[in-house]
Amino acid sequence: MRRTLGLASLVLVLSLMTGPAWGASEAELDELHDQIAELASQIESAQAAKTEAGSDLLAAQARFDDLVGQVRAAEAELASTEATISAGEAQLAELTASLDRFEAALASTRLRVAGTKESLSEQVVELYINASTASTRFLAFSDASEASVGFAYVDGAIGDSSRLLSELDILEREEERQQEILDEQRAAQEVLLETLEKQRQVQAEEVAALDGLRAEAAQAAEAARSMVSSLTAEIARFEEHKDGLEADAAALEAELAARGSAGTQPSGPLARPVPGRVSSPFGYRIHPIFGTRKLHTGWDMSAGAGSPIVAAADGVIVSAGVRGGYGNATVIDHGGGLATLYAHQSSMAVGAGQSVSQGQVIGYVGCTGYCTGAHLHFEVRVGGAPVDPSGYVG
């Protein structure tokens, strides 16, 4: 069997990913990330890491981790850009308010300039009139006292005009200064508007990139969910397989023990029934989550469907037919209480009671009974009880 009980725990962890993949909250994303990290740790410490499923899960974990990192980096970059834009918009608002104040001040100054010019113009006209009639008025004065009063009036008008001229000069210089400041601030406003426009373009690009990464992460999570669903079903079949085989193994043990066995055990080592590697060895398995203990009563040996299976040693066929979770299975009695079993065959080439020789073809690899893929389940039994084949096979 290519999958082990350890996968059940991995699936339980990864199955927590069935919530929303993206659009999830930061806390949910952190939890998902932690679950995947835990999954990776379990895979690396379990025999499942050596299986195709373990490799696929590790690849999915690495891909998802990478995408989560990219999304978070993109989110941080977007947040920085948005903060920069917010600061620029605040600066723009402040500059616009300042422009409004200076435009109002400039308008007020211009009104004052216009008023001063008007007053000065009136004074010039009045002075002109007074100057043209000054001599006539002087001759009309009855005495020097009246003449002195007239000249004092003219002097006063001239003095007032001088003050207006001075005030006009100050106001015009102030108008010029305010205009320069206003021009500078308008230029700064234009620069800031251009900068903000560029930053908003960058923001739009970052949003598009982030949306793409989120979509990719959602696809990666969906692929992981699909894998979880498939593995969950496979693990369920595997557990059913193991439970069924345990019952069938117990029945076989009782059958062989009651039958007894004549002769002596083979003097030499048992031959390998198929040349493939042992994908799942004999021994107890501890479930990493539930802590349950199950005995794998033989070897699972890799072999393609239809590959020939040979007898491990000379002997007599005890049975050849359907045997519960073993599917199509052949049991050979080799003498001295030693027997071998060959399960999940697609078809069998021998029958009960037939004598066979070591290396003789007795059937063909398949996937009958409780099986997750074509392979040979091979057992060695002494006195009916399963033993580790590695002590007997050469």
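Overview of values
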quantity	calculated
Debye log10 I(q)/I(0) for segment 314-394, one point scatterer per Cα, at q = 0.14, 0.17 Å⁻¹	-0.42, -0.63
Estimated FRET transfer efficiency when R0 is 51 angstrom, pair Val361-Leu192 (beta carbons, to 0.05)	0.05
Per-pair calculated FRET efficiency, R0 = 22 Å: Glu103 and Glu172 via Cβ, rounded to 0.05	0.80
Approximate spin-label separation Thr84-Asp211, in nm, with each point projected 7 Å along Cα-to-Cβ	2.1
Net charge contributed by nearby residues that have their C-beta within less than 15 Å of Thr264 (K/R +1, D/E -1)	-2
Label-point separation in nm, Ala247 to Leu111, each point 7 Å along Cα→Cβ	10.2
Computed FRET value (nearest 0.05) for Glu184 with Asp66, which takes r as the C-beta separation and R₀ as 56 Å	0.65
Residue list for segment 372-394, given a label point 7 angstrom along the Cα-to-Cβ vector of Arg259 and an amide N cut-off under 11 Å	384
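We did not get these values from a lab; they are worked out from the coordinates using the rules stated. Given the structure is predicted, the values throughout are model-derived calculations rather than measurements. Glycine gets a Cβ as well: all are built from the backbone with ideal geometry, and neighbour counts include every protein chain shown.
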